[in-house]
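Nothing in this text is a laboratory measurement; each read-out follows from the coordinates by a stated rule. Since the model is a prediction, treat every value here as computed from it, not as a measurement. Glycine also receives a Cβ, built like all others from the backbone with ideal geometry; neighbour counts cover every protein chain displayed.
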Amino acid sequence: MARARWDVISKCSVCGLTMKVQLRAIAIVNGPSTSLWNRRAPCRRLLCRGAVEFWAKAPGMTSHEPLTADWPEGKPPIGGGR
């Protein structure tokens, strides 16, 4: 996604905080094969107990879409946030 210049944002389902995601920083901290598909993470706003979902806009797209997909049958999700 970083190499292809996708624009990724996070949105909190509780407080509505929306932030730009730094894909290169995520790759450095968590490894270059880290996936944000079907992932959630704790909201970064002070005192908010919500979780963010990741949304992305690939080159050529007009708006951000949630990074969600159906899991393959028989394969449970690995990891994830809350």
Problem - Residue, nearest to Arg45 (Cα to Cα), within the range 19-31, restricted to residues that are among the β-branched types (Val, Ile, Thr) and surrounded by 12 or more Cβ atoms within 10 Å (Cβ to Cβ) - result: Val21
Exercise for the section: With a cut-off of at least 2 residues that are within 20 Å of Ala69 (Cβ to Cβ) and touching a Lys or Arg at 6+ places or on another chain (Cβ under 9 Å), name the strands (runs of 3 or more DSSP E) lying wholly within the range 1-59. Expected result: 7-12, 40-42, 51-57
